[in-house]
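**Student:** Quick one: this structure, given as structure tokens, is what I'll be asking you about.
Please treat every number below as a calculation from the coordinates, not as lab data. Bear in mind that the values here come from a model prediction, so they are computed numbers and not experimental data. When we count neighbours, we look across all protein chains shown, and the Cβ atoms used for this are built from the backbone with ideal geometry, even at glycine.
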Amino acid sequence: MSSESVRVVVRCRPLNDREKAESPEAVLSVEPQLCQCSIRRPGGQGDPPKQFTFDGAYSGEHSTERLYNDTVCPLVEGVTEGYNGTIFAYGQTGSGKSFTMQGVSEPEAQRGVIPRAFEHVFGPSSQTKNTKFLVRACFLEIYNEDIRDLLGNDTKQRLELDTGNPSCEQHTE
Ligand SMILES: Nc1ncnc2c1ncn2[C@@H]1O[C@H](COP(=O)(O)OP(=O)(O)O)[C@@H](O)[C@H]1O
Ligand SMILES: [Mg+2]
């Protein structure tokens with residue numbers, strides 16, 4: 001897995017109470033060792049499940065800490081060595097993107113990828129004597145194909161996709 005420059009992992013969140021009440025039958029199962037998840041058609045007892053294979057698969061039992069250590073940590077480590085790295089969370093509304101990226105402070109194991117990455121980059125363990133680091137950051141939202149600069153003066157302003165995003169440079173630290 002480490003030789004791939006693009007890795008795709010899936011994280012399946014647990015059902016919430018409403019979903020459990022609506023559909024007590026579990027149709028999803030995750031096999032982390034095989035990096036697979038499989039989905040059964042509701043009511044289709046005899047049908048074989050549809051299987052999907054990724055570079056990593058996490059179920060509702062797995063914490064963000066585990067996902068970070070397995071999947072994100074090597075990438076952030078590469079960033080501290082000067083490589084570019086991107087974590088891109090993709091999924092429909094309610095699938096757990098914010099939970100994974102921003103997270104919750106309690107329990108500690110569910111702190112998000114963003115605060116963990118910040119700690120990784122700026123925390124005491126990454127401080128090196130006689131070495132200067134330049135960190136450039138931008139924070140963009142893509143929603144319904146509109147792009148907004150969340151660090152810009154007007155966070156409601158829509159940016160053009162094909163002209164790049166020069167305003168990002170203003171937020172260099
Ligand atoms: N791995 C998880 N474990 C427990 N609860 C989760 C998990 N992922 C998401 N949730 C919960 O599911 C709901 C939707 O998640 P959220 O991150 O807001 O979705 P999104 O940002 O993709 O729209 C939230 O209430 C969140 O706390
Ligand atoms: Mg969200």
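**Student:** Per 0.36 nm of contour for each residue apart, how much would the distance between S95 and V6 grow if the chain were fully extended, relative to their Cα-Cα spacing? Intermediate results must be reported in sequence, preceding the final value.
**Tutor:** On the way: separation 89, 0.36 × 89 = 32.04 nm, distance 2.14 nm.
That works out to 29.9 nm of additional length.
**Student:** Please give the contour-minus-distance gain from D154 to L140: 0.36 nm per residue of separation, less the Cα-Cα distance, rounded to one decimal in nm.
**Tutor:** Numbers: separation 14, 0.36 × 14 = 5.04 nm, distance 1.22 nm.
Length gained, D154 through L140: 3.8 nm.
**Student:** Just E65, E31, E106 to compare: in a GNM of the chain, with alpha carbon springs under 10 Å, which one fluctuates most?
**Tutor:** E106
**Student:** Another question about this same structure. With 10 Å bins from zero, work out the P(r) of the chain over every alpha carbon pair and list the percent per bin.
**Tutor:** In order of increasing distance, the bins hold 8, 28, 33, 21, 8, 2, 0 percent.
**Student:** To the nearest 20 debye, what is the magnitude of the charge dipole of the chain about its Cα centre, counting +1 on the Cβ of each Lys and Arg and -1 on the Cβ of each Asp and Glu? Walk me through the numbers on the way to the answer.
**Tutor:** Numbers: 18 positive and 25 negative charges, 35 e Å.
Value, rounded to 20: 160 debye.
**Student:** Can you run phi through the Karplus equation (6.51, -1.76, 1.60; θ = phi - 60°) for the stretch 47-54 and list ³J(HN,Hα) in whole Hz, with x for Gly and Pro?
**Tutor:** 6, x, x, 8, 10, 10, 10, 10
**Student:** What number, in nm² with one decimal, is the all-direction average of the projected area of the convex hull of the alpha-carbon atoms of the stretch 63-130?
**Tutor:** 5.0
**Student:** Would you grab the residues whose amide H sits under 5 Å from the one on C35? Only those 5+ places off in sequence or on another chain, please, with H modelled 1.01 Å from N.
**Tutor:** For C35, whose amide H was placed from the backbone, the distant partners under 5 Å are A57.
**Student:** Counting helices only, and only those DSSP H runs with n ≥ 4, report the 222 nm mean residue ellipticity of the chain as the sum of -39,500 (n - 2.57) divided by its residues, in deg cm²/dmol to the nearest 500. Let's see the in-between values first.
**Tutor:** Details: 5 runs with 33 residues, N = 173.
Result for the chain, helices only: -4500 deg cm²/dmol.
**Student:** Please order D70, D146 by the number of other Cβ within 10 Å, starting at the fewest.
**Tutor:** Working: D70 16, D146 12.
Exposure proxy ranking, most exposed first: D146, D70.
**Student:** Let me ask something additional. Counting other beta carbons within 10 Å of each residue's own, what order do Y68, Y143 fall into, fewest first?
**Tutor:** Sorted ascending by nearby Cβ count, the order is Y143, Y68.
**Student:** Next question, about the same structure. List the residues, sorted by chain then number, that are 5 or more residues from L140 or on another chain and whose placed amide H is less than 5 Å from its amide H.
**Tutor:** L150
**Student:** P(r) for the stretch 1-61, please, calculated from all Cα pair distances in 5 Å bins and given in %.
**Tutor:** 4, 17, 23, 21, 18, 10, 4, 3, 0
**Student:** Another one. 7 Å from Cα along Cα→Cβ at both D55 and N16: what's the point-to-point distance in nm?
**Tutor:** So the label points at D55 and N16 sit 3.0 nm apart.
**Student:** Here's another thing I want to ask about it. Using a Cα distance threshold of under 30 Å, what count of lysine pairs results for the chain when pairs must be 8 or more residues apart or interchain? The partial results should precede the final answer.
**Tutor:** Values: K20/K50; K20/K97; K50/K97; K97/K156.
Value for the chain: 4.
**Student:** Using the Karplus equation 6.51 cos²θ - 1.76 cosθ + 1.60 (θ = phi - 60°), what ³J(HN,Hα) coupling, rounded to whole Hz, does each residue of the stretch 120-130 give in order, writing x for Gly and Pro?
**Tutor:** Result, rounded to whole Hz: 4, 7, 9, x, x, 5, 9, 7, 10, 6, 6.
**Student:** Note the full-extension length gain between Q127 and R41 as 0.36 nm times their separation in residues minus their Cα-Cα distance, in nm to one decimal. Walk me through the numbers on the way to the answer.
**Tutor:** Values: separation 86, 0.36 × 86 = 30.96 nm, distance 5.11 nm.
Additional length available on full extension: 25.9 nm.
**Student:** Next question. Once each part is reduced to its C-alpha centroid, what is the distance from the stretch 1-56 to the stretch 65-84 in angstrom?
**Tutor:** 24
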